[in-house]
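The values are calculated or read from the model by the stated rules, or taken from the named source; none is laboratory data. Just so we're clear, the structure is a prediction, and the values are computed from it rather than from any experiment. Backbone-built Cβ (ideal geometry, glycine too); neighbour counts: all protein chains shown. Keep in mind that these areas ignore ligands, DNA and RNA; they rest on the heavy atoms of the full protein, side chains included. Shrake-Rupley method; radii C 1.70, N 1.55, O 1.52, S 1.80 Å.
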Amino acid sequence: MIRLFNVYYPVRTLILLAGEALIVWTSFLLGTVLQFREDSYIVLNFEGGYYKILLVTAFVLVCSHWFDLYDPARFDAKGELYFRLLLVPGLLALFLACTGFFFPKLMLGGSFLLGLIILTLALLGWRTAYYWLVQQPYLRERVYVLGTGERAQRVVQGLRQRGDLGVEVVGWTGNLSGLPTREESAAHMMEISHHRVHRVICAMPDRRGTLPVRELLELRLDGVKVEDATSWLEKMSGRIEVDNLYPSWLIFAEGFRFSAGFMMMRRTLSFFVSLMGLILVSPIIPFVILAIRLDSKGPVVYKQERVGRNNVPFFVYKFRTMRQDAEAKTGPVWAGQDDPRITRIGRFLRSSRLDEIPQLWNVLRGDMAFVGPRPERPEFVEWLTKEIPYYPVRHVVRPGVTGWAQVRYKYGNTVEDAKEKLQYDLFYIKNASLGLDILIMFQTVKTIVLRRGAQ
């Protein structure tokens, strides 16, 4: 796996992305050469041909990303995948037709049509060849999982479900009822040597007196990679599991760096993104206010106490989406599916994320950042701190309008959902960077447009 923007991506996925970028670029370059022949040099170099092809390439890659064509979880549904793949040139054809109608000077004659035909055939051929190639056993890394119990089983299942990782689990200690002795663990080392593995993942719940240190060291010196399950699960899932997480791992692991310079740059980025966001959405704010006024009684904007950085409380602002007396009888509760407290216009505001617009003011004030863990209510924080280990860690940074948990996980209204989101928040806090913030902003646009995760 390769680390980009402090997030780990499978090499195979990056090869797929790079291959398709090259195919799109080459298809339209070839279409231009076939269309203009000897004049293609002039068209490409003096009429902005290269820049126009680059713009089309970026459009295709963004559309492919929005159709989840690089999502490993969607790779198994081959029929559906090829359908979504054909949607990309279809949408591109519509985009080019509209551009040619309104801005004919931006087009390169009939070269884009030729390029579109070449691209469609090339994409189908490339995807077919790619899926055949990645299934070949000689391109897979052989992995052995050393450990017992639920945690080791999660590692094994995760590896076997992620075909894009290019690994093959050749064996594991097994789901034993008790902890293995050191002699039993050493015996498994003989099995590891027999399988000629490339990597060993240690997922032992308790290593004291059971970890075969000498044998693992010998494997390490022989070129076999040895990794802890926590680190591998972090790379594989984009989250840090809190079950069986040792405090020493949090202390000695890389990351969790918050220098004054980084915090200042992060604050500057949040300020300008929020300011630009307010400017862009300002034309629709009067219509949102009018719709809320006509739909139900009560204030247009409501404020609610939340817990911020270093456990300092603040008031978050949102457009009202519920009845004015929504919690008069129940007290603080999470919103549920088809919640009767949500108004008609409120349901639309939530699904479109328009109810979050006033939170940009919280970002400008400094209560929140644009990217970070979502702020929670004090009542829930007190309860979840008792139920979920390491929950207070999420308060070391400013909460955000959007976050890693919001783009990677659905809306949650249970303790298990809160625990799952905490694991994504811990990953973000550990790997926080400006690059990761920009990546989350980009993913947030996709989440909003596709109306995912709202409730």
Checklist entry - Is it fair to say T385 is farther than 20 Å from E234 by Cβ and open to solvent by 40 Å² or more (accessible area, probe 1.4 Å)? => result yes
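So that you can scan it fast, the table gives a plain yes or no per residue for (1) among the small types (G, A, S); (2) without any contact (Cβ under 8 Å) to a residue 12 or more places away in the chain; (3) farther than 23 Å from K430 by Cα:
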| residue | (1), (2), (3) |
| --- | --- |
| F256 | no, no, no |
| R266 | no, no, no |
| S270 | yes, no, no |
| G277 | yes, no, yes |
| V281 | no, no, yes |
| A291 | yes, no, yes |
| S296 | yes, no, yes |
Checklist entry - Does K303 satisfy being among the basic types (K, R), at pLDDT 85 or above, outside any helix (DSSP H, G or I) and more than 28 Å from the chain's Cα centre (by Cα)? => result yes
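Could you tell me whether segment 114-128 includes any residue that is modelled with pLDDT of 85 or more, of a type in the set (D, E, K, R) and either closer than 27 Å to F46 by Cβ or surrounded by 14 or more Cβ atoms within 10 Å (Cβ to Cβ) (or both)?
Within segment 114-128, one or more residues are modelled with pLDDT of 85 or more, of a type in the set (D, E, K, R) and either closer than 27 Å to F46 by Cβ or surrounded by 14 or more Cβ atoms within 10 Å (Cβ to Cβ) (or both).
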Checklist entry - Is it fair to say I438 is surrounded by fewer than 18 Cβ atoms within 10 Å (Cβ to Cβ), out of contact with any His (no Cβ under 6 Å at 6 or more places or on another chain), touching a residue at least 60 places away in the same chain (Cβ under 8 Å) and of a type outside the set (D, E)? => result yes
Checklist entry - Is segment 428-435 home to any residue that is out of contact with any helix residue (DSSP H, G or I) (no Cβ under 9 Å at 6 or more places or on another chain) and either of a type in the set (S, T, Y) or at pLDDT 85 or above (or both)? => result yes
Item to check | Residues of segment 86-113 classified as in contact (Cβ under 8 Å) with a residue 60 or more places away in the chain and either of a type in the set (S, T, N, Q) or open to solvent by 70 Å² or more (accessible area, probe 1.4 Å) (or both), total | outcome: 2
Checklist entry - Within segment 133-141, can one find any residue that is free of Cβ contacts under 8 Å to residues at least 40 places away in the same chain, within 27 Å of the chain's Cα centre (by Cα) and surrounded by 13 or more Cβ atoms within 10 Å (Cβ to Cβ)? => result yes
Next on the checklist: Tell me the residue from V415, V393 that is closer than 16 Å to F258 by Cα, over 20 Å from the mean Cα position of the chain (by Cα), open to solvent by less than 60 Å² (accessible area, probe 1.4 Å) and β-branched (V, I, T), please.
Outcome noted: V393
Item to check | Matching residues in segment 264-278 - criterion: being open to solvent by less than 60 Å² (accessible area, probe 1.4 Å) and among the hydrophobic types (A, V, I, L, M, F, W, C) | outcome: L269, V273, L278
Next on the checklist: Being closer than 30 Å to V397 by Cα and open to solvent by 30 Å² or more (accessible area, probe 1.4 Å) is the filter here; which residues of segment 279-303 pass it?
Outcome noted: I279, L280, V281, S282, I285, V301, Y302, K303
Item to check | Among the residues listed as Y50, Y41, Y82, Y70, the single one being open to solvent by 20 Å² or more (accessible area, probe 1.4 Å) and within 22 Å of the chain's Cα centre (by Cα) | outcome: Y70
